[in-house]
1. Report the gain in length on full extension from residue 165 to residue 128: 0.36 nm times residue separation, minus Cα-Cα distance, nm rounded to one decimal.
2. Quote the FRET efficiency, to the nearest 0.05, computed for residue 77 versus residue 108 with a Förster distance R0 of 22 Å and r equal to the Cβ-Cβ distance.
3. Mind pulling the angle between the C-alpha long axis of helix 168-181 and the longest principal axis of the chain? Nearest 10 degrees, somewhere in 0 to 90.
4. Using +1 on the beta carbon of Lys and Arg, -1 on that of Asp and Glu, and nothing else charged, what's the dipole of the chain about the Cα centre, debye to 20?
5. If you take the square roots of the eigenvalues of the alpha-carbon gyration tensor of the stretch 125-193 and sort them as a ≥ b ≥ c, do you get rounded (a/c under 1.5), prolate (a/b over b/c) or oblate?
6. Summing -39500 (n - 2.57) over the DSSP H runs of n ≥ 4 in the chain and dividing by its residue number, what mean residue ellipticity at 222 nm do you reach, to the nearest 500 deg cm²/dmol?
7. Please give the contour-minus-distance gain from residue 57 to residue 118: 0.36 nm per residue of separation, less the Cα-Cα distance, rounded to one decimal in nm.
8. Provide the percentage of antiparallel DSSP beta bridges, counting only those with both residues in the chain; round to the nearest 5.
Amino acid sequence: MSPTLAILTIGVVPVKEILPLLTEHIPEQQITHLSLLGDMEPDDVRAQYSAGPGETALPTRLRDDSLGMVSREKIERDLQSVIEVLDNQGYDVILLMSTADIRGLVARNSILIEPQRIIPPLVASIVDGHQVGVIVPLPEMMAPQKQKWKVLENEPYYTLGHPFLASESEFIAAGKSLVDKGADVLMLDCLGFHQQHRDLLQKALDVPVLLSNVLVARLASELLV
């Protein structure tokens, strides 16, 4: 029997960009994509998921391409509910496609892949003392990114570069600013970044570029055999 995969996202994520990495191992009809907020009206998202007192706000892309600041605690609660349904439906692998600091999710039977738990230590082992430069899409994401990459031996350099709004030349300039500071590995840790962004930087700057969604997709594909 063919393995089954559920891809779970918080907001709008272009999952089609990683499908070729997965369909090498699993038929596309065996893959299900569910978005917690991606099909909701943005006003409804803000009404139901805005951060209350004492809650942590996370940025996520909504269906109108606007940025929604949502409560991590409410997102974790409802993601867990969806995971329980998928687990009961018998999916072999559940892939949470999110780079946000989401915690405490569990699955009883399915294999649950959480990038936040996997990617930082994986990248730390790959770069092994090299100087990393991280391109961050939005100012709102800078503080959580700096917290996330404290696991690296050398404190990374950071700069802003939006995957949709920046031109190719602007994006290359963002990467070059990190290389000029001394970065010899670049990190693209946002689901809006795709392989074309990685290829553009590698060709222009001649440095390795790590793409978190590709790392996660390749890991998931290894489990789908």
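1. Working: separation 37, 0.36 × 37 = 13.32 nm, distance 3.21 nm.
Stretched fully, the residue 165-residue 128 segment lengthens by 10.1 nm.
2. In this case the efficiency is close to 0.80.
3. For 168-181 against the chain, the angle is about 70 degrees.
4. On the way: 18 positive and 30 negative charges, 64 e Å.
Dipole of the chain, to the nearest 20 debye: 300 debye.
5. Numbers: a/c = 2.05, a/b = 1.35, b/c = 1.52.
The shape class here is oblate.
6. Details: 8 runs with 86 residues, N = 225.
Mean residue ellipticity, 222 nm, calculated: -11500 deg cm²/dmol.
7. Details: separation 61, 0.36 × 61 = 21.96 nm, distance 2.20 nm.
Between residue 57 and residue 118, full extension yields an extra 19.8 nm.
8. Numbers: 5 of 29 bridges.
If I count the DSSP bridges inside the chain, around 15 percent turn out antiparallel.
The numbers here are math on the coordinates, done by the rules we state, and not lab data. If you're wondering where the values come from, they're calculated on a predicted model, not measured in any experiment. Glycine also receives a Cβ, built like all others from the backbone with ideal geometry; neighbour counts cover every protein chain displayed.
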